[in-house]
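Asks: Please read through the structure below; I'll follow up with questions.
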Amino acid sequence: MEGALWKREMIDRFRVINAPQMRRVVVGVDPAVTGKPDSAETGIIVAGRDAKGEYYVLYDDSRRASPLGWAQAVGYMYKKWHADRVVCETNNGGDLVITNLHGVVRDISCKKVTATRGKLTRAEPIAALYEMGKVHHVGCFCQLEDQLCSYNPEMAKSSPDRMDALVWALTELSSVSMASRAIFA
């Protein structure tokens with residue numbers, strides 16, 4: 001789509017079949033607060049960073065589910081991928097989002113994030129990582145990639161849940177990476 005932050009070439013050119021050993025893995029979550037058939041999906045994206053500072057989209061488990069249903073899915077992804085942390089947007093639901101996750105996996109490590117600036121401000125640095133060839137999709141994530149490549153911030157009418165979860169996950173991974181580079185530079 002004209003004006004979209006992501007282009008298919010940015011994704012396809014750096015796609016891989018297998019990921020190397022991950023130094024860190026997180027699960028990004030953009031939760032829906034209802035589970036009706038016409039509700040928004042809950043974006044659930046697993047991403048990691050390797051020892052060289054490259055980023056990998058490992059799994060898309062986004063779904064339309066009740067709060068208990070998506071919390072169980074997030075808990076399963078957290079355990080399956082041996083994630084270090086779950087990063088959850090709490091604009092809708094606040095502390096209930098974290099409480100919901102702790103009800104499913106008591107010792108889950110959660111970080112609350114709140115979208116205070118515009119989606120474009122959050123997404124642009126992540127799209128830039130793709131442009132630099134630093135982000136690799138491990139396999140194909142058709143629905144996620146469709147959302148990424150059709151999101152034009154000036155024309156968007158809906159909030160792309162998978163994209164939001166991806167942005168939160170990669171922001172968490174890149175923030176730690178950038179902070180540690182600044183400390184040791």
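The values are calculated or read from the model by the stated rules, or taken from the named source; none is laboratory data. Owing to the predicted nature of the structure, the values given are computational and were not obtained by experimental measurement. Heads up, the Cβs are rebuilt from the backbone with ideal geometry, glycines too, and the neighbour counts pull from every protein chain shown. The area values use the complete protein model at the heavy-atom level, side chains included, leaving out ligands, DNA and RNA. Shrake-Rupley method; radii C 1.70, N 1.55, O 1.52, S 1.80 Å.
Asks: Which longest uninterrupted range of the chain lacks any trypsin sites (Lys or Arg not before Pro) assigned by DSSP to a loop state (not H, G, I, E or B) and surrounded by at most 15 other Cβ atoms within 10 Å?
Replies: On the way: sites that count: Lys7, Arg13, Arg15, Lys52, Arg106, Arg117, Lys157.
It runs 53-105.
Asks: With every protein chain kept in place and ligands, DNA and RNA left out, what is the accessible area per residue of the chain? Probe 1.4 Å, answer in Å².
Replies: Accessible surface, normalised per residue, equals 51 Å².
Asks: Let me ask you something else. Per the 1.4 Å probe, what fraction of the accessible area of the chain, in percent, lies on carbon and sulfur atoms?
Replies: C and S atoms contribute 52 percent here.
Asks: Protein chains only, probe 1.4 Å: how do Thr116, Thr34, Thr42 rank by accessible area, largest first?
Replies: Ranked list, largest accessible area first: Thr116, Thr34, Thr42.
Asks: Restricting to segment 43-124, compute how many DSSP beta bridges are antiparallel as a %, nearest 5.
Replies: 55
Asks: Hey, what do the phi angles of segment 25-41 turn into as Karplus ³J(HN,Hα) couplings, whole Hz, using 6.51/-1.76/1.60 and θ = phi - 60°, x for Gly and Pro?
Replies: 10, 10, 10, x, 9, 10, x, 8, 9, 10, x, 6, x, 9, 6, 5, 7
Asks: Classify segment 1-124 as rounded, prolate or oblate, taking a ≥ b ≥ c as the square roots of the eigenvalues of its Cα gyration tensor: rounded when a/c is under 1.5, otherwise prolate if a/b is larger than b/c and oblate if not.
Replies: Oblate, because a/c is 1.5 or more while a/b does not exceed b/c.
Asks: Rounded to the nearest 5, what % of the DSSP beta bridges within the chain are antiparallel ones?
Replies: Here the antiparallel bridges make up roughly 55 percent for the chain.
Asks: Taking amide H positions as placed 1.01 Å from N in the peptide plane, with prolines and chain starts having none, which residues 5 or more places from Val86, or on another chain, fall under 5 Å of its amide H?
Replies: Val27, Ser109, Cys110, Lys111
Asks: Shape of segment 1-66 from its Cα gyration tensor (a ≥ b ≥ c, root eigenvalues): rounded if a/c is under 1.5, otherwise prolate when a/b > b/c, or oblate?
Replies: Cα axes put segment 1-66 in the oblate bin.
Asks: Quick one: what are the phi-derived ³J(HN,Hα) couplings along segment 126-133, Karplus 6.51/-1.76/1.60 with θ = phi - 60°, whole Hz, x for glycine and proline?
Replies: 6, 4, 5, 4, 5, 4, 7, x
Asks: Shape of segment 69-181 from its Cα gyration tensor (a ≥ b ≥ c, root eigenvalues): rounded if a/c is under 1.5, otherwise prolate when a/b > b/c, or oblate?
Replies: Because a/c hits 1.5 or more and a/b exceeds b/c, segment 69-181 counts as prolate.
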